[in-house]
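The values are calculated or read from the model by the stated rules, or taken from the named source; none is laboratory data. This is a predicted model, so every value here is computed, not measured. Here the Cβ positions follow ideal geometry from the backbone for every residue, glycine too, while neighbour counts run over all protein chains shown.
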Amino acid sequence: MKAGITVQLDKPRTLRYGINALAKVEDLIGKPITSLDLNNVGIKDLLVIIYAGFYHEDKTLTVEKVGDLIDEYSDITTMAEKIGEAFTLAFGKPSNQKQGE
């Protein structure tokens, strides 16, 4: 199982991006995950990415509920950073980065 990043919201939740989460992102945004530019993503897509990362541990979540949790317990900038960390765990460092960067 892929490692994840713990995020404190209403309770500790783990962002994890295994194959099922990535497929869920593709299904909900309607395009391949490889076409996403995480440095230039809209709020709707960001919410879907967060939702998909949490879905493995809480199947009752909805995209709207995730938005409510972020509004109440965090902020979008923090969550975007956490997505970056979780994607790094899922995929590793980009090949153009040297070890230790």
Revision key, fill the gap. Within the stretch 40-63, restricting to residues that are closer than 22 Å to T78 by Cα and among the hydroxyl-bearing types (S, T, Y), the one that is surrounded by the most Cβ atoms within 10 Å (Cβ to Cβ) is Y51
Review point. Counting only residues that are modelled with pLDDT under 95 and among the aromatic types (F, W, Y), how many does the stretch 50-101 have?
Key: 2
Practice item. Hey, can you tell me all the residues within the stretch 9-39 that are surrounded by fewer than 10 Cβ atoms within 10 Å (Cβ to Cβ) and modelled with pLDDT of 95 or more? Key: K11, P12
Exercise for review: Name the single residue, out of those in the stretch 72-84 being surrounded by 15 or more Cβ atoms within 10 Å (Cβ to Cβ) and under 11 Å from the mean Cα position of the chain (by Cα), that is farthest from P12 (Cα to Cα).
Suggested key: A80
Exercise for review: Taking A90 as the residue in question, decide whether it is assigned to a helix (DSSP H, G or I) and in contact with a Leu (Cβ under 7 Å, 6 or more places away or on another chain).
Suggested key: no
Point to revise | All positions within the stretch 1-26 that are farther than 24 Å from Y73 by Cα and either part of a loop (DSSP other than H, G, I, E, B) or acidic (D, E) (or both) | key: M1, K2, G18, E26
Review point. Just a yes or no: is a residue in the stretch 27-46 over 22 Å from K2 (Cβ atoms), part of a helix (DSSP H, G or I) and of a type outside the set (G, A, S)?
Key: yes
Study note, to complete from the structure: Checking L9, L15, L69 in turn, the sole residue that is within 12 Å of the chain's Cα centre (by Cα) and of a type in the set (A, V, I, L, M, F, W, C) turns out to be L15
